[in-house]
Amino acid sequence: MASSVKLGRPRRSGPLISLVPMIDVMLILLVFFMVTSTYLNLDMIPAMRQQERAGGSGLASGGTVLIRLAADGVPVTQGRALSHDSLSALLTERLADDPLTQVLVLPSGAATTQALITVMDTATRAGAVRLRVIRLEAQP
(Lines give C-alpha, C1' and ligand atoms only; values in the text may rest on other atoms or scores of the structure.)
Protein backbone atom coordinates (compact mmCIF):
# COMPACT_ATOMS: atom_id res chain seq x y z
CA MET A 1 0.00 0.00 0.00
CA ALA A 2 1.49 3.07 -1.14
CA SER A 3 0.46 6.21 0.60
CA SER A 4 0.45 9.34 -1.39
CA VAL A 5 1.73 12.48 0.15
CA LYS A 6 -0.09 15.60 -0.89
CA LEU A 7 1.65 18.86 -0.55
CA GLY A 8 -0.87 21.61 -0.52
CA ARG A 9 -0.47 25.29 -0.32
CA PRO A 10 -2.70 27.20 2.01
CA ARG A 11 -5.46 29.02 0.26
CA ARG A 12 -5.21 32.77 -0.01
CA SER A 13 -7.78 34.50 2.12
CA GLY A 14 -8.60 37.17 -0.42
CA PRO A 15 -7.01 40.40 -1.60
CA LEU A 16 -5.03 42.31 1.00
CA ILE A 17 -6.35 45.85 1.53
CA SER A 18 -3.68 48.35 2.44
CA LEU A 19 -4.57 51.29 4.66
CA VAL A 20 -1.58 53.40 3.63
CA PRO A 21 -3.31 55.13 0.67
CA MET A 22 -6.34 55.94 2.84
CA ILE A 23 -4.10 57.47 5.52
CA ASP A 24 -2.33 59.52 2.85
CA VAL A 25 -5.64 60.86 1.57
CA MET A 26 -6.78 61.72 5.09
CA LEU A 27 -3.55 63.65 5.78
CA ILE A 28 -3.89 65.56 2.51
CA LEU A 29 -7.49 66.48 3.42
CA LEU A 30 -6.41 67.51 6.90
CA VAL A 31 -3.72 69.83 5.53
CA PHE A 32 -6.17 71.23 2.96
CA PHE A 33 -8.79 72.06 5.59
CA MET A 34 -6.21 73.54 7.94
CA VAL A 35 -4.87 75.85 5.25
CA THR A 36 -8.26 76.97 3.95
CA SER A 37 -10.01 77.38 7.31
CA THR A 38 -10.41 80.66 9.13
CA TYR A 39 -9.73 80.29 12.82
CA LEU A 40 -10.41 83.87 13.87
CA ASN A 41 -13.66 85.66 13.30
CA LEU A 42 -12.94 89.37 13.67
CA ASP A 43 -16.65 90.14 13.92
CA MET A 44 -16.79 88.41 17.29
CA ILE A 45 -15.34 91.59 18.88
CA PRO A 46 -18.28 93.99 19.17
CA ALA A 47 -17.54 97.24 17.36
CA MET A 48 -19.46 100.45 17.65
CA ARG A 49 -21.14 101.51 14.44
CA GLN A 50 -21.40 105.10 13.24
CA GLN A 51 -25.14 105.28 13.97
CA GLU A 52 -24.45 104.41 17.61
CA ARG A 53 -21.73 107.06 17.84
CA ALA A 54 -23.91 109.74 16.28
CA GLY A 55 -26.85 108.92 18.54
CA GLY A 56 -24.92 109.84 21.69
CA SER A 57 -25.49 106.53 23.43
CA GLY A 58 -24.52 107.65 26.90
CA LEU A 59 -21.01 108.84 26.15
CA ALA A 60 -21.46 111.97 28.20
CA SER A 61 -22.46 110.20 31.45
CA GLY A 62 -18.81 109.47 32.27
CA GLY A 63 -15.44 110.47 30.97
CA THR A 64 -14.06 109.02 27.77
CA VAL A 65 -10.56 107.81 26.99
CA LEU A 66 -9.77 107.32 23.31
CA ILE A 67 -6.90 104.94 22.60
CA ARG A 68 -5.65 104.93 19.02
CA LEU A 69 -3.83 101.70 18.20
CA ALA A 70 -1.07 102.47 15.72
CA ALA A 71 -0.03 100.14 12.90
CA ASP A 72 2.98 98.95 14.90
CA GLY A 73 0.75 98.00 17.85
CA VAL A 74 1.68 100.95 20.08
CA PRO A 75 -1.27 102.54 21.90
CA VAL A 76 -1.51 106.31 21.50
CA THR A 77 -3.70 108.57 23.60
CA GLN A 78 -3.84 112.36 23.55
CA GLY A 79 -1.07 112.42 20.95
CA ARG A 80 1.55 110.51 22.92
CA ALA A 81 2.61 106.91 22.55
CA LEU A 82 2.37 104.85 25.71
CA SER A 83 3.82 101.56 26.85
CA HIS A 84 1.35 99.02 28.17
CA ASP A 85 2.47 99.72 31.75
CA SER A 86 1.94 103.48 31.43
CA LEU A 87 -1.40 102.85 29.66
CA SER A 88 -2.46 100.65 32.56
CA ALA A 89 -1.41 103.34 35.07
CA LEU A 90 -3.29 106.04 33.13
CA LEU A 91 -6.46 103.96 32.90
CA THR A 92 -6.27 102.96 36.57
CA GLU A 93 -5.96 106.63 37.53
CA ARG A 94 -8.85 107.74 35.28
CA LEU A 95 -11.07 104.88 36.42
CA ALA A 96 -10.33 105.62 40.08
CA ASP A 97 -11.63 109.17 39.52
CA ASP A 98 -14.70 108.04 37.56
CA PRO A 99 -15.56 104.31 37.42
CA LEU A 100 -17.96 104.94 34.51
CA THR A 101 -15.20 106.22 32.25
CA GLN A 102 -15.67 104.75 28.80
CA VAL A 103 -12.60 103.40 27.01
CA LEU A 104 -12.77 103.59 23.22
CA VAL A 105 -10.17 101.72 21.19
CA LEU A 106 -9.68 102.76 17.57
CA PRO A 107 -7.33 100.26 15.91
CA SER A 108 -5.45 101.01 12.74
CA GLY A 109 -6.27 98.75 9.82
CA ALA A 110 -2.67 97.55 9.83
CA ALA A 111 -2.56 96.77 13.57
CA THR A 112 -2.44 93.12 14.49
CA THR A 113 -5.26 91.42 16.30
CA GLN A 114 -2.86 90.48 19.09
CA ALA A 115 -2.08 94.16 19.70
CA LEU A 116 -5.80 94.92 19.92
CA ILE A 117 -6.37 92.06 22.37
CA THR A 118 -3.40 93.24 24.47
CA VAL A 119 -4.85 96.76 24.74
CA MET A 120 -8.27 95.36 25.60
CA ASP A 121 -6.73 93.12 28.29
CA THR A 122 -4.81 96.08 29.71
CA ALA A 123 -8.00 98.14 29.93
CA THR A 124 -9.94 95.28 31.51
CA ARG A 125 -7.23 94.67 34.10
CA ALA A 126 -7.27 98.38 34.93
CA GLY A 127 -10.96 98.03 35.77
CA ALA A 128 -12.72 99.31 32.64
CA VAL A 129 -16.27 98.02 32.39
CA ARG A 130 -17.31 100.27 29.48
CA LEU A 131 -14.91 99.20 26.75
CA ARG A 132 -15.67 99.53 23.05
CA VAL A 133 -13.78 98.93 19.85
CA ILE A 134 -14.70 101.39 17.13
CA ARG A 135 -13.93 101.18 13.46
CA LEU A 136 -14.09 103.72 10.72
CA GLU A 137 -16.06 102.87 7.62
CA ALA A 138 -15.59 104.52 4.26
CA GLN A 139 -18.31 106.92 3.19
CA PRO A 140 -19.82 106.30 -0.29
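The values are calculated or read from the model by the stated rules, or taken from the named source; none is laboratory data. Small disclaimer: the values here were computed from a predicted structure and weren't measured. Quick reminder, even Gly has a Cβ in these numbers, built from the backbone with ideal geometry, and neighbours come from all protein chains shown.
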Exercise. Within the range 1-22, how many residues are of a type in the set (Val, Ile, Thr) and either under 50 Å from the mean Cα position of the chain (by Cα) or modelled with pLDDT under 75 (or both)?
Worked result: 2
Exercise. Residues that are surrounded by 16 or more Cβ atoms within 10 Å (Cβ to Cβ), modelled with pLDDT of 90 or more and within 21 Å of the chain's Cα centre (by Cα): which helices (runs of 4 or more DSSP H) entirely in the range 23-140 hold 3 or more of them?
Worked result: 113-126
